[in-house]
Amino acid sequence: MSRADPRFAAILEGPILPALARLTLPVILVIVAQVFVTVLEAYWVSRLGTEAVAGVALVLPLVLLMGTMSNGGIGGGVSSAIARAKGAGDQAQANALVWHAALIAVAFGTLFTLAALIGGPLLYTALGARGGTLAEALAFSGWMFGGSILVWLVNLLGAALRGAGEVRLPAQVSLVGAALLVPLSPLLILGAGPLPGLGVAGAGIATLVYYLGALVAYLVWLRRGRGVLHLHRQPLAAGPVRAIMGVGLVSALGTILSSLTIIAITGSVGQYGAQALAGYGLASRVDSLLVPLLFGLGTGVVTMVGAATGAGLHQRARAVARLAAALGFVGTAAIGLVLALAPWLWMDWFTADPAVQAAGSLWFRINGPVYGLFGLGLMLYFAAQGLGRMRGPLLAAISRLTITAGGGAWLAAQGAPLHQVYLAAAAGTICFGVINALAVWRARPAGP
């Protein structure tokens, strides 16, 4: 496909908002469906009791790390590199990039599996897991990370397709998978009739079934070679690896810092007991759901900014970044303010325990008002991927980790009230948004 292709010509030349909508609305529709499935899964897990909820809460930050690192980190490098190649009209380079993305996926998937198997028990224990909570955490973790290669392959191949402007196939695959998970998750978690429930392990198994089906669909489509990309074996070359990892490694480091921040908050809250941890875990599910929704918009931002940068249209790249930042801020600010004023709209779905509800509601009242700055910062993170300038977002992630994790850990160690730990998280979010805004404002786009 060349730059004359109508779909990619619209990305480079058409009105920004309609082009961004065409790239992101299918992804957002899929993510809404996935959010629905995730909320349902949280509901089914909550039927297993407080220890199950607390155990899953300990693992979720690592699951989020794998998802954000494969989608928004290394996956962002894949999308950015392919968008630049397509913007420059180089189809051969785009095909080489998708093959190298698959190789990178296998390497990172293997690394995550080994890390979880070897370090998982030590980490969950360090975060405060004991007895039944630890057992639940290990059961969920074992299945989720045992299939890490599947997750990485699906996410990087999906990132490659989105970078080339193909959003329909990932959307179709994800919608079918979400429809499958609606009955499969409760069946495996709770059981039905003669089929015994598998508990939290059932949630992990159901997720891997989805990823296996998605991988088969992607491979069949990419091997046919009739679309925007063709996956075929090629010699390993340094150029495509550099193109992906030049942005992807810094982006991945940013996602690691973000996940370390969440892990550290979880560990700090864990010092206040299982009920506080369960309350925070249920409330922070909203944060975990906002990230994929913002990712849906961010995928289009990476493609449009990367394509414009590859084509030398730097003013257009900046215009896309400004629009994305505004959309991210308004959307997340609205959600955060609603939950700050009425936290029961979320918490009542999952628990009647007063202590669990209180811990979750407190999180919303303190952090809900700053959700808008998180949305703004994350949109500019995606814009920076397209620009090929990741130093500013990396500084933003380091600052957030230092303030949130360092401050929260110190406060917890001093026996400070829980709300002060939450205030440290809010301060870190504010810095994250402000530093990203300043960095992207001053950034000069990289070359194709």
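Centroid-to-centroid, using Cα positions, the stretch 88-112 and the stretch 159-197 are 24 Å apart. For the stretch 18-442, averaging the sequence separation of C-alpha pairs within contact (under 8 Å, six or more residues apart) and dividing by the residue count gives a relative contact order of 22 percent. Taking every Cα-Cα distance in the stretch 194-326 and sorting them into 5 Å bins starting at zero, the pair-distance distribution P(r) comes out as 2, 7, 8, 11, 17, 17, 14, 11, 7, 4, 2, 0, 0 percent.
For Leu282, what charge total do you get from the other residues with a beta carbon under 12 Å from its beta carbon, if Lys and Arg give +1 and Asp and Glu give -1?
With Lys, Arg at +1 and Asp, Glu at -1, the net is -2.
Around Val370, what is the net charge, scoring Lys/Arg as +1 and Asp/Glu as -1 over all other residues with Cβ under 13 Å from its Cβ? In short, +1. For the stretch 1-114, the Kirkwood hydrodynamic radius comes to 17.2 Å, computed from all pairs of different C-alpha atoms. Summed over qualifying helices (DSSP H, 4 residues or more, each -39500 (n - 2.57)) and divided by its residue number, the chain shows a 222 nm mean residue ellipticity of -28000 deg cm²/dmol. In the elastic network of the chain, a GNM with C-alpha springs shorter than 10 Å, the most mobile of Ala96, Ala264, Ala179 is Ala179. Would you kindly give the portion of the calculated P(r) for the stretch 11-58 that falls above 19 Å, as a percent of all Cα pairs? Result: 52 percent of Cα pairs exceed 19 Å.
For the chain, the convex hull drawn through the C-alpha positions has a volume of 123 cubic angstrom per residue.
The equivalent ellipsoid of the stretch 293-405 has semi-axes of 34, 15, 10 Å, largest first, where each one is the square root of 5 times an eigenvalue of the Cα gyration tensor.
Just checking the listed ones, Ile366, Ile31, Ile262: in the Gaussian network model of the chain with Cα springs under 10 Å, the one fluctuating most is Ile366. Ordered by the number of other Cβ atoms lying within 10 Å of each residue's own Cβ, fewest first, Ile244, Ile430, Ile189, Ile263 fall into the sequence Ile430, Ile263, Ile189, Ile244.
Using the number of other C-beta atoms within 10 angstrom as an exposure proxy, rank Phe108, Phe374, Phe432 with the fewest first.
Listed from fewest to most nearby Cβ atoms, that is Phe108, Phe374, Phe432.
Helix 274-310 and the longest principal axis of the C-alpha atoms of the chain enclose an angle of approximately 10°. Apply the Debye scattering formula to the stretch 340-388, with a single equal point scatterer on each alpha-carbon and no solvent, then give log10 I(q)/I(0) at q = 0.27, 0.29, 0.30 Å⁻¹. Once normalised to I(0) and log-transformed, intensities are -0.91, -0.99, -1.02. Taking the chain as a Gaussian network, where each spring joins two C-alpha atoms under 10 Å apart, which residue of Pro235, Pro183, Pro121 fluctuates the most? Largest GNM mean-square fluctuation: Pro235.
Any idea what angle helix 238-270 forms with the longest principal axis of the chain, computed on alpha-carbon atoms, 0 to 90 degrees, nearest 10? Roughly 20 degrees between the two axes. Round to the nearest 10 and give me the degree value, 0 to 90, for the angle of helix 91-126's Cα axis relative to the longest principal axis of the chain. In the chain, helix 91-126 runs at an angle near 10 degrees to the longest axis.
Sort Val200, Val182 by Cβ crowding within 10 Å, fewest neighbours at the top.
In order of increasing Cβ crowding within 10 Å: Val182, Val200.
Using the Cβ of Met144 as centre and a radius below 13 Å, the other residues enclosed give a net charge of -2, where K and R count +1 and D and E count -1.
Any read-out appearing in this document is the output of simple, stated calculations on the displayed coordinates, not a laboratory observation. All values derive from a computational prediction rather than experimental measurement. Don't worry about glycine lacking a Cβ; one is built from the backbone with ideal geometry, like all the others, and counts go over all protein chains shown.
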